[in-house]
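One structure is given below, encoded as structure tokens.
The values are calculated or read from the model by the stated rules, or taken from the named source; none is laboratory data. A quick note: this is a predicted structure, and the numbers were derived from the prediction, not measured. When we count neighbours, we look across all protein chains shown, and the Cβ atoms used for this are built from the backbone with ideal geometry, even at glycine. Each accessible area value is taken on the protein alone, full model and side chains, heavy atoms only, with ligands, DNA and RNA left out. Shrake-Rupley method; radii C 1.70, N 1.55, O 1.52, S 1.80 Å.
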Amino acid sequence: MTDPQRRPDRWVILAVICLAQLVVILDNTILNVAVPSLTEELGATTSQTQWVIGAYSLAQAGLLIAAGGLADRYGRKKVQMIGLGLFGAGSLAAALAGDPGQLIAARAGMGVGGSLLLATSLAIVVRTFDADEQPKAIAAWTAVASLGIALGPVIGGLLLNHFWWGSTFLVNLPVAALGLVAVGRLVPESKDPRGDRPDLLGAVLSTAGLTGLVYAVIQGPGYGWTAPRTLLAGGLGALFLLAFGLWERRIEHPLLDLAFFRNARFRGAVSGGVLVSFGMGGSLFLLTQHLQFVLHYGPLDAGLRTAPMALTVVALNLTGAGMRLTARLSPPTAIATGLSLLAGGLAAIALFGHGGSYPGILLGLVMMGAGVACAQPAMAGAVMTSIPPEKAGVGSGLMGTLGELGNSLGVAVLGAVLAAKFAAALPAGLPDSAARSLPDALAAGGPSAAGTIRSAFADSLTAGQLIGAAAVLAGGLVAAWLLGRAAGAPPAASVPAEPVPQAG
């Protein structure tokens, strides 16, 4: 029902929230084009650059739902402002980092702040707009997320063309400062006094478990899959996740209600969401290295050439073409079609880009964007109709968490494939340290081996992209099958609109 007293400043509030969200999303991709700079100026290895990117997403993935619980209980505006402060402080620390370890720690701190921002932004938008205007506001909120993915490499390239790599973090400071002032003055406070108690132990266990497993995946190629540190990290990660599952089954207000996964529709939609993030995150990590190390584009040119994927998503979402298309298809068909396009795009980049053809890469990027635009609306609808209406916020938070996790795992898994293939393909006689990165290998091999080493790196990139394509395609078919099995289940009732808080 439309509220007769709409806030006159509601669209200004939306703009403020979207601006804060934009910088959080930008920082998922802005560093992709800085990988060569980090490698050369900080002496970062391939695994360390993966952690610089992955630590940010992992911190968000582990804390997003817990942050939502904190916001529900203590106030969404308050948590949003804390998030802006932490994000700004982490950005400053990242810009001043003197070695890869400091940068990784600062990025993790930024991820904590980002989790507080993402967990509260949609809740504030929903509370600011009435039921009639919510779809339009949420559509704008969603479009900004896709725009952030597109702008990240471009802005990163522009900054790196004129400044050092730390400038990619300094640009966050004025946004964080403006956001603190604007949120403090404009955004109304809202909280649920009956909200669930935050599951802090669950957040710690899940974050520790995921970190251990991803650490094992990243370090496995370099130290060996049977090396003590790899087995210890993977084993501890598995134990923490097991403890997390047992804890969630015992407590009254779990971080993650495991009963959701009994619903085939929910499992299908969630697995599809993880695969989209896995494909996008991993492919962008590999593609920016391909464009710079193999095709020799500068940072700005590389950023511009990765933008068509996200711009395709934005164009299809803003014009409504993606929604109209998926509305004509059943959710299983829409998800299968979207993830097949995403997998086909990855394969096109691998096969056509190997020979140095950017038109082939462009085709793959457009296919990937079309696939995301097709699959995302169907997945969101499937999630929201597969859980109880009173848990709609938790379902939305879980999708965000698994999306961040998928992005981190995409970087970790496809990065691990790249590292393993590259180490195996290097000419005999090079030291083990040569496999850490392409610059290290070129320095160790000298001019005579440069051609062979570059070819080995290009072949390794292709292998990683093809493996990612196969994983997305197989998983997409499984997700569609799960949704098809649940097609006859009755949808959950719609969630009643919350009252819109008034000024003051």
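Data overview
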item: Which listed residue is under 18 Å from M280 (Cβ atoms) and either modelled with pLDDT of 70 or more or among the acidic types (D, E) (or both), from G345, G446; result: G345
item: Pair list, Cβ < 9 Å and 6+ apart or interchain, from the range 291-313 residues that are farther than 18 Å from G345 by Cβ to residues that are surrounded by 19 or more Cβ atoms within 10 Å (Cβ to Cβ) and basic (K, R); result: Y297/R305
item: In the range 232-241, residue farthest from the chain's Cα centre (by Cα) [restricted to those that are open to solvent by 30 Å² or more (accessible area, probe 1.4 Å) and over 16 Å from D199 (Cα atoms)]; result: L232
item: Residues of the range 282-320 that turn out to be farther than 20 Å from A378 by Cβ and either in a helix (DSSP H, G or I) or among the aromatic types (F, W, Y) (or both), as a count; result: 25
item: Test: residue in the range 259-271 that is over 29 Å from L483 (Cα atoms) and modelled with pLDDT under 85; result: no
item: Any hit, the range 412-427, residues being more than 23 Å from A350 (Cβ to Cβ), of a type in the set (G, A, S) and at pLDDT below 80; result: no
item: Condition met for F244 (in contact with a helix residue (DSSP H, G or I) (Cβ under 9 Å, 6 or more places away or on another chain), among the aromatic types (F, W, Y) and modelled with pLDDT under 80); result: no
item: Only listed residue being modelled with pLDDT under 75 and either open to solvent by less than 10 Å² (accessible area, probe 1.4 Å) or part of a loop (DSSP other than H, G, I, E, B) (or both), chosen from G62, G68, G43, G83; result: G62
